[in-house]
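A.B. asks: The structure that follows is given in the form of structure tokens.
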There are 2 protein chains.
Amino acid sequence: MLVTQKTQYALRAIFELAKHRDRGLRKISDIAQAQAIPERFLEVILSQLKRSGFVTSKRGYHGGYRLVPPPERISVGDILRFMEQSDHPLHCIACISRCKCPLDGGCAFRPMWNQIEDAIYHIYDRTTIQDLVNNETGCAAAVNG
Amino acid sequence: MLVTQKTQYALRAIFELAKHRDRGLRKISDIAQAQAIPERFLEVILSQLKRSGFVTSKRGYHGGYRLVPPPERISVGDILRFMEQSDHPLHCIACISRCKCPLDGGCAFRPMWNQIEDAIYHIYDRTTIQDLVNNETGCAAAVNG
DNA sequence: TTTTTCTTGACTAATACAGTCGAGAAAATT
DNA sequence: AATTTTCTCGACTGTATTAGTCAAGAAAAA
């Protein structure tokens with residue numbers, strides 16, 4: 001629910017792999033450099049992402065990471081949900097934030113939190129990694145005239 | 001953008017004042033008890049909220065806090081925006097989370113973050129404090145049969 | 001057999017958030 | 001006037017989460 005720095009890195013790593021997908025494996029160090037992510041930290045993140053099945057890796061000389069499904073079949077929601085679940089296995093459905101679930105004002109606030117959660121994930125789920133890549137090329141075109 | 005514990009307390013305090021509005025001033029200690037908020041912390045929060053103009057206070061014997069506008073004319077968005085701005089004067093418009101605004105993947109992610117922000121505030125802005133109060137009475141009715 | 005690159009888990013550091021505290025100033029009460 | 005109540009203000013501390021590091025090892029290719 002909460003988009004941490006780590007989650008943003010995860011998203012950017014996937015994004016980077018998507019752009020590179022048809023050119024084979026990509027090294028951690030290259031991804032780190034391209035996306036300005038601390039390399040050592042990225043190691044942790046990518047090996048976590050492996051467990052989602054969205055990426056695979058190969059070790060050694062021509063090793064690296066690779067995005068498995070085509071980017072148009074992965075949504076941002078898929079990635080965020082995976083990161084969320086693997087970092088916070090117990091999750092408070094009513095809450096938008098890092099949440100300790102107190103009274104919550106009884107149930108007065110719950111409908112609103114639920115609306116927010118739905119609205120957020122609606123957007124995450126309909127946004128594919130390919131959409132993000134397209135955004136960038138659109139933007140580059142705009143910048144370069 | 002990020003709903004912290006403090007912001008939730010602020011919202012619950014306003015909610016409590018709304019319920020009590022026609023009965024005059026309400027003491028910090030009573031609000032704290034009713035909403036399960038640490039009293040000393042609530043002092044800080046309420047005196048911060050005073051600067052928004054949504055609440056006023058009076059000291060001394062029969063002192064306490066009071067909600068100024070009618071609850072149907074205050075939106076959740078009003079409160080959240082005020083808290084957000086007074087806690088984080090510099091705010092990154094592109095970001096949903098605690099954000100350090102790095103590359104952000106160029107502008108690839110920005111449209112999505114903007115959509116999220118708009119969607120969230122659309123809900124916050126259309127939800128009034130009175131709506132929350134109504135939720136609760138509706139819920140109590142459901143519970144009590 | 002050397003180099004490269006991922007793998008794993010434990011470790012440390014930084015920061016933001018949460019909450020506390022003490023001394024003081026109005027306002028009413030007695 | 002003295003006392004009690006309640007808000008006021010700013011500085012202070014603790015703590016949990018997040019962020020990030022490190023070292024030793026294992027596969028894969030050269």
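A.B. asks: Report the calculated FRET efficiency for residue B:29 and residue A:36 (r = Cβ-Cβ distance, R0 = 35 Å), to the nearest 0.05.
C.D. replies: Step by step, r from the Cβ atoms, then E = 0.10.
A.B. asks: Give me, ordered by chain and number, the residues 5 or more places off residue A:127 or on other chains with an amide H under 5 Å from its own placed amide H.
C.D. replies: Amide H neighbours of residue A:127, under 5 Å, 5+ apart: A:76, A:77.
A.B. asks: Counting only protein heavy atoms and rolling a 1.4 Å probe, how much accessible area do A and B lose on contact, total for both sides, in Å² to 100?
C.D. replies: Buried area between the two chains comes out at roughly 3400 Å².
A.B. asks: Could you work out the local net charge near residue B:29, counting Lys and Arg as +1, Asp and Glu as -1, over the other residues with Cβ closer than 11 Å to its Cβ?
C.D. replies: Details: positive: B:26, B:27, B:40; negative: B:30, B:39, B:43.
Local net charge: 0.
A.B. asks: Please report which chain B residue places its beta carbon nearest the axis carrying chain B onto chain A, with the distance rounded to a whole angstrom.
C.D. replies: Taking the axis that maps B onto A, the answer comes out as B:119, 2.
A.B. asks: Label-to-label distances across copies for residue A:25, with labels 7 Å out along Cα→Cβ, in nm, shortest first?
C.D. replies: Spelled out, the distances from residue A:25's label point are 7.3 nm.
A.B. asks: At 1.4 Å probe size, with no ligands or nucleic acids counted, give the accessible surface of residue B:57 in Å², nearest ten.
C.D. replies: The value for residue B:57 is about 50 Å².
A.B. asks: Residues with beta-carbon under 14 Å from that of residue B:53, excluding residue B:53: net charge, scoring Lys, Arg +1 and Asp, Glu -1? If you can, show how the numbers build up before the last one.
C.D. replies: Working: positive: B:50, B:51, B:66, B:73, B:81; negative: B:78.
Once all neighbours under 14 Å are counted, the net charge is +4.
A.B. asks: Separate question: What does the charge add up to near residue B:119, with Lys and Arg as +1, Asp and Glu as -1, over the other residues with Cβ less than 13 Å from its Cβ?
C.D. replies: On the way: positive: A:126, B:126; negative: A:117, A:118, A:125, B:117, B:118, B:125.
Local charge sum for residue B:119: -4.
A.B. asks: Next question, about the same structure. When we measure straight from the Cα of residue A:58, which lysines land under 18 angstrom away, once same-chain ones fewer than 8 places off are left out?
C.D. replies: Qualifying lysines at Cα under 18 Å: A:27, A:50.
A.B. asks: A further question follows. Report the label-to-label distance for residue A:136 and residue A:88 in nanometres (one decimal), using points 7 Å from each Cα along the Cα→Cβ vector.
C.D. replies: 2.8
A.B. asks: Starting from the Cα of residue A:56, move 7 Å in the Cα-to-Cβ direction to define the label point; list residues of region A:1-33 whose amide nitrogen is under 14 Å from there.
C.D. replies: A:24-26
A.B. asks: To continue, here is another question. So which aspartates and glutamates pass the test for residue B:6, namely a Cα distance under 17 Å, with those fewer than 8 places away in the same chain ruled out?
C.D. replies: Those aspartates and glutamates meeting the cut-off are A:104, B:16, B:39, B:43, B:78, B:84, B:87.
A.B. asks: Where the only charges are on Cβ atoms (+1 Lys, Arg; -1 Asp, Glu), what is the dipole of region A:1-43 about its Cα centre, to the nearest 20 debye? Please list the in-between numbers first.
C.D. replies: Values: 8 positive and 5 negative charges, 14 e Å.
Its charge dipole is roughly 60 debye.
The values are calculated or read from the model by the stated rules, or taken from the named source; none is laboratory data. Computed from a predicted structure; not experimentally measured. Using ideal geometry, Cβ is built from the backbone for each residue, glycine included, and neighbour counts are taken over all protein chains shown. Side chains are part of the model used for accessible areas, which takes the heavy atoms of the whole protein and leaves out ligands, DNA and RNA. Shrake-Rupley method; radii C 1.70, N 1.55, O 1.52, S 1.80 Å.
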